[in-house]
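To start, the structure itself, in structure tokens.
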Amino acid sequence: MVKKIRVLVAKPGLDGHDRGAKIVARALRDAGMEVIYSGLHQTANQIVNTAIQEDVDVVGLSLLSGAHMTLFVDVVTMLKEKQMEDVLVVGGGIIPEEDVPRLKKAGVAAVFGPGTPVDDIVCFIKKNVKR
Amino acid sequence: MNDLASRVVNGDHRAIGRLITMVENDEPDAINAMKEIHSHAGNAQIIGVTGVMGGGKSSLIFELALAYRAEGKKVGIIAIDPTSPFSGGALLGDRIRMMDLSTDSGVFIRSMGTRGMIGGLTSSLYDVVEILDAAGMNIILIETVGVGQDEVDIVKIADTTLVIVVPGLGDAVQTIKAGLMEIADVFVVNKADQPGVEQTVAELESMLDLATHIERRTPIVATSAKEKKGIPLLVRKIAEHQEYAKKNKVFDVRRRQRYEAELIEIIKKRLMNFIFDEAKLKRKVDCCIDQISKKELDPYTAADEILGIMLK
């Protein structure tokens, strides 16, 4: 049997807008991936524990509230603490340009803003998945 | 014992997650670990939860898990959702109703796609149950995909099967049909906060009245996961069924059936791999298919020829 890419699409923090996250989840499903959707208002701890139990290859974080510098970095740091460096972390939502380099330095592999074609996200994941 | 297997038996969540992925992907390394953990499994109580889609299975499982956690039991949850027959992908969304459990180290939740299996289950489910059992879970809750009338395979795995019905899905004739309605060890009428509960319960009761030879009348419990009602009673009815099953050998019979189904599944899988992967046989199979489509050979004779080569 072929290995399937498993992705956790998660909404950290307090904003309640998940249309973007659902569109991405649907697109990844249609690209043949198994997508676990967390639902709203997740803590970094919940996201990391879910990633461990579901043994995902990718964590996709969506955030529109402005707390990405804290919450995205928390998730990446906690994944590292749990020896989960082989999980690809990507982000999306309303992320100002000037924050992107710092997020990448922290370990977020890519940031997809509004208007990104979903195919770009699919391609990026397929190309960069680490295991 | 191999490292992964011993970590699983010690309840390491990372190792449990990894081994489940390996069995789902049919990785050869998984087999050694599965061989080693077998003797550690067999203690968990396995509860199947099935019923129509949107019936509140996930929310009910969340409430049951909380109740078992309050008793100090470790809980494993397997939530199955359908795999797309077109893309092979899946959107696994049962966890949304259970996220409050994801920081509890006494709970392990895994979402699975059906990956082409019919019957509301997935082919690696036997292995996944065995892994969670060996990892020390006292209770394993299995949520099937939302089912229609005929997806009843859960009984091949569960010690106790809950069939969830909700008010307003049809008249009394639905309840005397065969299939899903026959497999319940406990009926759960969920969404009891909505109108029509009494009627649904009454229809189920009258269905049970029609049975002519029963040793045990299936209990009916009305619950509302939303309003957290009826959960303690449901937990008690599940425990009573366990007691009944153990006293009447039903438990032993079901466990035996589960191992039989699992063994047949493994043999089938290996035979199929042998027929379709072994270079010589694969050529023969392809050649037979060509001949069948040209009407030079019929499928039965072709099957005889292929089996003949295998048994030589």
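The values are calculated or read from the model by the stated rules, or taken from the named source; none is laboratory data. Values in this document were obtained by computation on a predicted structure and should not be read as measured data. Note that each Cβ is placed from the backbone with ideal geometry, even for glycine, and that neighbours are counted across all protein chains shown.
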Of residues in the stretch A:97-131 being within 24 Å of A:MET84 (Cα to Cα) and in a loop (DSSP other than H, G, I, E, B), the one farthest from the chain's Cα centre (by Cα): A:ARG131
Unique residue being modelled with pLDDT of 90 or more, part of a helix (DSSP H, G or I), outside the structural domain of B:THR161 (by TED's automatic domain parsing) and within 25 Å of B:VAL23 (Cβ to Cβ) when the list is B:ARG270, B:ARG256: B:ARG256
The lone exception for A:THR43 - which of (1) facing chain B (nearest Cβ under 10 Å); (2) of a type in the set (Ser, Thr, Tyr); (3) touching a Lys or Arg at 6+ places or on another chain (Cβ under 8 Å) it fails: (3)
Set B:LEU234, B:LEU208, B:LEU204: member being assigned to a helix (DSSP H, G or I), surrounded by 13 or more Cβ atoms within 10 Å (Cβ to Cβ) and free of Cβ contacts under 8 Å to residues at least 24 places away in the same chain: B:LEU208
Pairs where the first residue, in the stretch B:16-29, is more than 7 Å from every other protein chain (Cβ to nearest Cβ) and closer than 20 Å to B:HIS40 by Cβ and the second is modelled with pLDDT of 90 or more and assigned to a loop (DSSP other than H, G, I, E, B), C-beta under 8 Å, 6+ apart: B:ILE16/B:ALA135
Flag for B:THR103 being free of Cβ contacts under 8 Å to residues at least 24 places away in the same chain, β-branched (Val, Ile, Thr) and in contact with a helix residue (DSSP H, G or I) (Cβ under 8 Å, 6 or more places away or on another chain): yes
Enumeration of residues in the stretch B:198-217 that are closer than 25 Å to B:VAL250 by Cα and touching a strand residue (DSSP E or B) at 6+ places or on another chain (Cβ under 6 Å): B:LEU204
Some residue of the stretch B:87-97 being without any contact (Cβ under 8 Å) to a residue 40 or more places away in the chain, within 9 Å of another protein chain (Cβ to nearest Cβ), under 17 Å from the mean Cα position of the chain (by Cα) and buried (at least 23 other Cβ atoms within 10 Å of the Cβ): yes
Residues (surrounded by 15 or more Cβ atoms within 10 Å (Cβ to Cβ) and basic (Lys, Arg)) located in the stretch B:256-266: B:ARG258
Those residues of the stretch A:55-83 which are closer than 23 Å to B:MET22 by Cα and in contact with a strand residue (DSSP E or B) (Cβ under 8 Å, 6 or more places away or on another chain), in sequence order: A:ASP55, A:VAL56, A:ASP57, A:VAL58, A:VAL59, A:GLY60, A:LEU79
